[in-house]
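Below: one structure, written as structure tokens.
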Amino acid sequence: MSEQNKIPQATARRLPLYYRFLNNLHAQEKFRVSSKELSEAVKVDSATIRRDFSYFGALGKKGYGYNVEYLLGFFRKTLDQDDVTNIVLIGVGNLGTAFLQYNFTKNNNTKIEMAFDADKSKVGQEIGGVPVYHIDELEDKISDITVAILTVPVSEAQNITDRLVQTGASGILNFTPARITVPEGVRVHHIDLAVELQSLVYFIKHYPLDEVDGSQ
């Protein structure tokens with residue numbers, strides 16, 4: 001959607017949170033929700049929610065709140081929930097195995113289709129129903145995959161990234177500490193669990209809970 005090109009990235013990152021909560025409300029047969037209820041559920045202040053929603057026009061009515069079914073349909077379309085995104089996972093260690101067993105079971109539009117590893121003892125297995133191939137087969141197998149999850153050793157991160165880019169990958173979720181580089185047109189989201197944990201511990205020690213912005 002063209003609107004997605006105009007909204008702030010911080011807003012775009014919160015949209016899946018809203019969608020998940022609305023999906024839960026819909027399953028509970030709730031018909032409407034206020035910005036205050038949304039705020040308490042997703043830990044984002046009401047003013048931010050109203051501002052986020054304002055980028056998409058009038059989604060609610062004053063004094064009524066938001067229609068759950070309408071919002072759910074709107075965000076499903078906005079987030080392309082009706083389009084399935086096939087994902088490849090590189091690195092079947094402990095973290096990679098956990099991803100395969102989980103395989104985004106609550107997200108109908110994302111699914112890990114295959115995994116790769118250099119360990120021959122893992123090749124040929126199925127983990128969570130996902131086949132594991134040898135890393136040497138990468139280029140032959142993923143011609144139609146555009147998103148990859150990277151859970152490989154740091155020393156291999158850039159090399160694997162370069163190979164993924166060559167095969168046409170346009171998005172990489174990087175769980176390694178390596179700060180990989182990619183050409184323009186390829187998006188990388190870095191998730192360093194050690195850094196996130198250190199940040200959490202720092203905030204616990206140095207900031208009272210009521211001063212912490214839950215949207216961060």
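Read-outs: derived from the displayed coordinates by stated rules, not from any lab. Treat the numbers as computed from the prediction; the structure is a model and nothing was measured. Virtual Cβ from ideal backbone geometry, glycine too; neighbours counted across all protein chains shown.
Some values worked out for this structure:
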{"item": "Net +/- balance of residues flanking ASN174 in space, Cβ distance below 11 Å, scoring K and R +1, D and E -1", "result": "+1"}
{"item": "Helix 68-78 vs. the chain, principal-axis angle (Cα, 0 to 90°, nearest 10)", "result": "40 degrees"}
{"item": "Value in Å of the Kirkwood radius, where segment 85-194 supplies the Cα pairs that are averaged", "result": "13.8 Å"}
{"item": "The chain: proportion of alpha-carbon pairs further apart than 26 angstrom, %", "result": "48 percent"}
{"item": "CD proxy at 222 nm, helix term only [per DSSP H run n ≥ 4: -39500 (n - 2.57); per residue of the chain; nearest 500]", "result": "-12000 deg cm²/dmol"}
{"item": "Antiparallel %, DSSP beta bridges [both residues in segment 85-194], to 5", "result": "10 percent"}
{"item": "Mean separation of Cα contacts under 8 Å, 6 or more apart, over the residue count of the chain: relative contact order %", "result": "14 percent"}
